[in-house]
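The values are calculated or read from the model by the stated rules, or taken from the named source; none is laboratory data. Quick caveat: nothing in here was measured; it's all calculated off a predicted structure. In this analysis, Cβ positions are derived from the backbone assuming ideal geometry, glycine residues included, and neighbour counts consider all displayed protein chains.
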Amino acid sequence: MRRKLVAGNWKMHGSLAENQALLGALKAALNGLQGAGVAVCAPFPYLAQLQAELSGTTLAWGAQNVSEHAKGAFTGEVSTSMLKDFGCTYAIVGHSERRSLYGESDETVAKKFMAAQAAGLIPILCVGETLAEREGNITEQVVGRQLDAVINAAGVEALAKAVVAYEPVWAIGTGKTATPGQAQAVHAFIRGKIAGLNKAAADGLVIQYGGSVKAANAAELFSQPDIDGGLIGGASLIADEFIAICKAAA
């Protein structure tokens, strides 16, 4: 049976005081949760706080981005070794906001994916289509292209040691959510595509759904056969919501 994973993506939110209260609530409710892994991905300045607060618990933590470069003259970038210094388990790569706002190409995302894995981090690879692409009936073409960039660079076997997060761009922060059927269809496409290359990698692959997941819709989404948890945005900043979502996955 595939494991379930719920990861919170705080985006550019948080403060030391707000984080302290949120992490305290998450530890009290989710430490030792059976049936699903829980992780928090915070902005770089707060990784030390996550390490201090979550060490010794069953909750993991990670970063929202990582450089493809190991070191050098790349002002403002953060390397995999720096993330490892702060105990990170996960690194999100290819989030739609990184692709759209900062021009990260499929090739750049693949390089970040490989850098994360080479350092012993688990990449959470984000894929997904815009509203125009969905309405143009090219969702599978877009998602397939994004996956192919990683498969061609790293090999399909690399996905067995990663997480894929399907995030329809039109459902991120909009309040719109793909129906369970719509989400399942794309998740099934992802797993089927990978199974055609390596069945073992596909069978064990964790595929998350990200796109306005809330406590109210989490259980129905997570009950779909190919949805193995969620990459949670705004709701991960609200303790009661995120706790309910994690328990729905478990």
Is it the case that region 76-83 has a residue that's out of contact with any His (no Cβ under 9 Å at 6 or more places or on another chain), of a type in the set (V, I, T) and in a loop (DSSP other than H, G, I, E, B)? yes
Inside region 87-121, can you point out the residues that are surrounded by fewer than 18 Cβ atoms within 10 Å (Cβ to Cβ) and either in contact with a Cys (Cβ under 7 Å, 6 or more places away or on another chain) or in contact (Cβ under 8 Å) with a residue 60 or more places away in the chain (or both)? S100
Hits in region 52-66 (condition: in a loop (DSSP other than H, G, I, E, B), touching a strand residue (DSSP E or B) at 6+ places or on another chain (Cβ under 6 Å) and of a type outside the set (A, V, I, L, M)): Q64
Per the list (1) in a loop (DSSP other than H, G, I, E, B); (2) within 20 Å of the chain's Cα centre (by Cα), residue check on H69 breaks on (2)
With the requirement that a residue be in a loop (DSSP other than H, G, I, E, B) and crowded, with 20+ Cβ neighbours inside 10 Å, what does region 3-26 give you? K4, W10
Find all pairs meeting these conditions: Cβ atoms under 8 angstrom apart; at least six residues apart or on different chains; first residue within region 221-232 and assigned to a helix (DSSP H, G or I); second residue of a type in the set (G, A, S). L221/A183; L221/G230; F222/G229; F222/G230; F222/A248; F222/A249
The correct count of residues that are small (G, A, S) and farther than 9 Å from A248 by Cα in region 207-222 is 4
Pair list, Cβ < 7 Å and 6+ apart or interchain, from region 187-213 residues that are in a loop (DSSP other than H, G, I, E, B) and surrounded by fewer than 23 Cβ atoms within 10 Å (Cβ to Cβ) to residues that are at pLDDT 95 or above and among the acidic types (D, E): N198/E157
Does region 161-169 contain any residue that is under 20 Å from D106 (Cβ atoms) and free of Cβ contacts under 8 Å to residues at least 12 places away in the same chain? no
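Output the residue which, of all residues in region 27-50 that are under 17 Å from S79 (Cα atoms) and either out of contact with any Leu (no Cβ under 9 Å at 6 or more places or on another chain) or not aromatic (F, W, Y) (or both), is surrounded by the most Cβ atoms within 10 Å (Cβ to Cβ).
Applying the filter and picking the extreme gives C41.
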